[in-house]
Ligand code: HPA
């Protein structure tokens, strides 16, 4: 289950062979339901995940599994259309490859998106929640293993993982788009089962505002590697026990589809403002 550092290096060599001129400044990871939310990015070239060593094809419906080399508003971007999850059973390597590629190619920022279940009372299906912090309840950590200096210090500090400046920018963008601004704590569980109602009550008591099965591992890795991290959840449903209906992945995707115009507008406006954000970035060590 440990990250295979050799495969990570091979992934970077493979992408560098195909795209020797790539110099992404940012990465964007599209989660469940977000598949079409980044079509404002102009694609220069694409590679299927299945061709990239260590990454492999996505096994989850609604995750295309394509890496696109793109550009918009002067920001060269690696767009990860679909994510690999720990619950897919292939260990941490496929989860780490996108972050390793960004680090290798010199990107300064990773923006993560996902679908999540809402726990806090004011979070309704279709709402967007900016991550202010997280609870890692996956029961593991992608950084477990021999210490690799590319992932920063042995004991990375997490007191400011999700950069506040991105949250402030998003607050302004939401206001301009007339979207209610919500931010909160995202609890990551391993999945692939949804939670029981008792687990959701526990998560609420622990301070979680929303729950999902992703995002936290990539955020940990990117932060450790010295990238700025921002993340946004589309609340796809009220978490188990908070509403009468049962949960299904199909419903999750459909709710996010309905929110698609908003998801797209937020990302496009964020990318317009990214050059300022990147200028203010501390140099990556
Ligand atoms: N729980 C976990 N992950 C999810 C949910 C949920 O309710 N909705 C979308 N992803």
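By average Cβ neighbour count within 10 Å, what is the ranking of 35-47, 185-197 from highest down?
Values: 35-47: 16.8, 185-197: 18.5.
By packing density, highest mean first, the sequence is 185-197, 35-47.
Please give the helix 197-206 orientation as an angle from the longest Cα principal axis of the chain, in degrees from 0 to 90, rounded to the nearest 10. Roughly 70 degrees between the two axes. If you run the Gaussian network model on the chain, springs between alpha carbon atoms under 10 Å, then out of 128, 227, 242 the most flexible one is 242.
Angle between the Cα long axis of helix 5-18 and the longest principal axis of the chain, 0 to 90 degrees, nearest 10? Value to nearest ten degrees: 70.
Could you state the angle between the C-alpha long axis of helix 93-104 and the longest principal axis of the C-alpha atoms of the chain, as a value from 0 to 90 degrees rounded to the nearest 10? That works out to roughly 50 degrees.
One decimal place: the segment residue 71-residue 258 gains 64.7 nm when fully extended, by the rule 0.36 nm per residue minus the C-alpha distance. Of interest is the spacing of the C-alpha centroids, which for region 9-26 and region 254-278 amounts to 25 Å.
Need one number: % antiparallel among DSSP beta bridges in the chain, to the nearest 5. Working shown, then result.
On the way: 18 of 48 bridges.
Among the beta bridges of the chain, antiparallel pairing accounts for roughly 40 percent.
Quick check: the distance between the Cα centres of region 87-126 and region 130-205, to the nearest angstrom? Answer, in whole Å: 9.
Residues of region 1-34 with the amide nitrogen closer than 11 Å to a label point 7 Å from the Cα of residue 177, along Cα-to-Cβ, please. Answer for this model: none.
With a cut-off of 8 Å between alpha carbons and a minimum separation of six or more residues, what is the relative contact order of region 130-281 in percent? The partial results should precede the final answer.
On the way: 169 pairs, mean separation 47.6, N = 152.
With pairs under 8 Å counted, the relative contact order is 31 percent.
Summary value for region 1-145: 33 percent relative contact order, contacts being C-alpha pairs under 8 angstrom separated by 6+ residues.
Computed from the Cβ-Cβ distance with R0 of 45 Å, the FRET efficiency linking residue 251 to residue 148 stands at 0.70.
Using Cα pairs closer than 8 Å and at least 6 residues apart in sequence, work out the relative contact order for the chain, in percent. Write out the running numbers ahead of the final one.
Working: 592 pairs, mean separation 73.9, N = 285.
Over the chain, the number comes to 26 percent.
A viscosity of 0.890 mPa s and a temperature of 25 °C, combined with the Kirkwood radius over Cα pairs in Stokes-Einstein, give a translational diffusion coefficient for the chain of 131 µm²/s. Distance between the pseudo-spin-label points of residue 43 and residue 1 (7 Å out from Cα toward the beta carbon): 3.5 nm.
In region 28-127, what percentage of the DSSP-assigned beta bridges are antiparallel, given to the nearest 5? Each step should come with its number before you reach the end.
Working: 13 of 18 bridges.
If I count the DSSP bridges inside region 28-127, around 70 percent turn out antiparallel.
Where a number appears in this text, it was derived from the coordinates with a stated rule and is not lab data. Keep in mind it's a predicted model, so treat the numbers as computed, not measured. Neighbour counts run over all protein chains shown; Cβ positions are idealised from the backbone, glycine included.
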